[in-house]
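The values are calculated or read from the model by the stated rules, or taken from the named source; none is laboratory data. What you see is a predicted model, and the numbers here were worked out from it, not measured in a lab. As a convention, Cβ positions derive from the backbone with ideal geometry for all residues, glycine included, and neighbour counts pool all protein chains shown.
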Amino acid sequence: MSPIKRVRLSDTVVEEVLKALENGRFKPGEKIPSEAVLTKEFGVSRTTLREAFQKLELLGKMSIRQGDGTYVNDDQKPTIYNHINSAFVFGNTDVTKLLEARECLETYAIKLATSRATAEDVAKLYVTIGTEKADLNPYTFPEQDFLFHQLIIELSDNSILSNFWTSIMPLIKEEQSHIVHIPGVMEQSWESHRQIIKSIEQKDAKKAQMCMQKHLSLLLGIVLSDVSHRKNQDNNK
């Protein structure tokens, strides 16, 4: 027998909304009901509903307008980009494969970023990581870490790389929220980020690539070690 796959509540909500789009309940250009109405209808929390809306936006089905609400997009035709996003949204990608993919993407992005970053850009990178390793906080670090890597992608000034990054953003954020609690991850990441920025500041693209590759490889090693440790604990129970 095959193992039963766990389905996220947000994915169930996405499926229900997609059905509502197909049967015409939600029409193109229309504003959908409020969070209060939909959380009651689906029996889920606001957090789950917002996660579902983010996935629907990633799929190109809806647009979230801050302070206004969520609207159905006029163009509901599937595109190649939507299919790529769909694979990421509903796929069960594990952390190790995601880190491997990030290594391919970000080591090239940082090569471009190093040649194109200005002194002002470097200053922004320093701001994202903070000044002291001792100030690291597991509740704020995931967002801080995400912003650092996103800025690297933006500094590459390559729209194709940016599109790939946008496609895997939900997975990256989920990955970061999980691995931040593994001992050593925050400290290793902070130090690696500092070395990466120094390389960009020195306009040393080769060194920057090596630092990024080492950073993501070390993270992968920490994750694999943690997985192995947890398996051993389970086997000893």
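Would it be correct to say that Lys237 is modelled with pLDDT of 85 or more and either in a helix (DSSP H, G or I) or surrounded by fewer than 19 Cβ atoms within 10 Å (Cβ to Cβ) (or both)? For Lys237, the condition - modelled with pLDDT of 85 or more and either in a helix (DSSP H, G or I) or surrounded by fewer than 19 Cβ atoms within 10 Å (Cβ to Cβ) (or both) - is not met. Do you know which residues across segment 130-182 are assigned to a loop (DSSP other than H, G, I, E, B), among the acidic types (Asp, Glu) and either farther than 18 Å from Thr114 by Cα or not assigned by TED's automatic domain parsing to the domain that holds Ala119 (or both)? Passing the criteria: only Glu132. Somewhere in segment 159-181, is a residue on the phi > 0 side of the Ramachandran plot and surrounded by 14 or more Cβ atoms within 10 Å (Cβ to Cβ)? The answer is no, given that none of the residues of segment 159-181 is on the phi > 0 side of the Ramachandran plot and surrounded by 14 or more Cβ atoms within 10 Å (Cβ to Cβ). If only residues of segment 46-75 that are in a loop (DSSP other than H, G, I, E, B) and within 21 Å of the chain's Cα centre (by Cα) are counted, the one that is surrounded by the fewest Cβ atoms within 10 Å (Cβ to Cβ) is Gln66.
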